[in-house]
Amino acid sequence: QVQLVESGGGLVQAGGSLRLSCAASGIIFRISAMGWYRQAPGKQRELVAVITMGGSTNYADSVKGRFTISRTNDKNTAYLQMNSLKPEDTAVYYCNAATSGYIYWGQGTQVTVSS
């Protein structure tokens, strides 16, 4: 099993920045990729960014150039640096970790961007 704990959400004005953290514990050697998703009220959960354990990254078009996903060398923690935040970035942000047999999710952290 893998446990994920997110932190770093909050309220920020448009144009501001936040950094989200996702700490993984448990059978972390089986993790092949970690990602951030978000879900706004009334909308489906969507991919924000993903990073493989090899360091390859992929971003949603809506966040390219503003958000950066990274991880620690020990691969225990993933980060999402969010700059130039917009009101439409308001959502609950979820961390996930993929293994060969299962996808694990964190509990989510609220990000609210005021205009």
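The values are calculated or read from the model by the stated rules, or taken from the named source; none is laboratory data. Keep in mind the model is a prediction, meaning the values are calculated, not measured. In this analysis, Cβ positions are derived from the backbone assuming ideal geometry, glycine residues included, and neighbour counts consider all displayed protein chains. Heads up: the accessible areas ignore ligands, DNA and RNA and are worked out on the full protein's heavy atoms, side chains in. Shrake-Rupley method; radii C 1.70, N 1.55, O 1.52, S 1.80 Å.
Quick notes on this structure:
- Residue tally, condition under 17 Å from Cys22 (Cα atoms), part of a loop (DSSP other than H, G, I, E, B) and either open to solvent by less than 40 Å² (accessible area, probe 1.4 Å) or among the β-branched types (Val, Ile, Thr) (or both), over the stretch 72-96: 1
- When Ile69, Ile103 are checked against the criterion of being without any contact (Cβ under 8 Å) to a residue 40 or more places away in the chain, buried (at least 21 other Cβ atoms within 10 Å of the Cβ) and farther than 16 Å from Leu11 by Cβ, a single residue qualifies: Ile69.
- Of the residues making up the stretch 45-54, those that are surrounded by 12 or more Cβ atoms within 10 Å (Cβ to Cβ), without any contact (Cβ under 8 Å) to a residue 24 or more places away in the chain and either of a type in the set (Gly, Ala, Ser) or not in a loop (DSSP other than H, G, I, E, B) (or both) number 4.
- Flag for Thr57 being touching a strand residue (DSSP E or B) at 6+ places or on another chain (Cβ under 7 Å), open to solvent by 60 Å² or more (accessible area, probe 1.4 Å) and either within 12 Å of Lys75 (Cβ to Cβ) or among the hydroxyl-bearing types (Ser, Thr, Tyr) (or both): yes
- Taken over the stretch 6-44, the criterion of being over 20 Å from Thr112 (Cβ atoms) and open to solvent by 30 Å² or more (accessible area, probe 1.4 Å) is satisfied by Ala23, Ser25, Gly26, Ile27, Ile28, Phe29, Arg30, Ser32.
- Test for Ala14: is it touching a residue at least 60 places away in the same chain (Cβ under 8 Å), farther than 15 Å from Cys95 by Cβ and touching a helix residue (DSSP H, G or I) at 6+ places or on another chain (Cβ under 9 Å): yes
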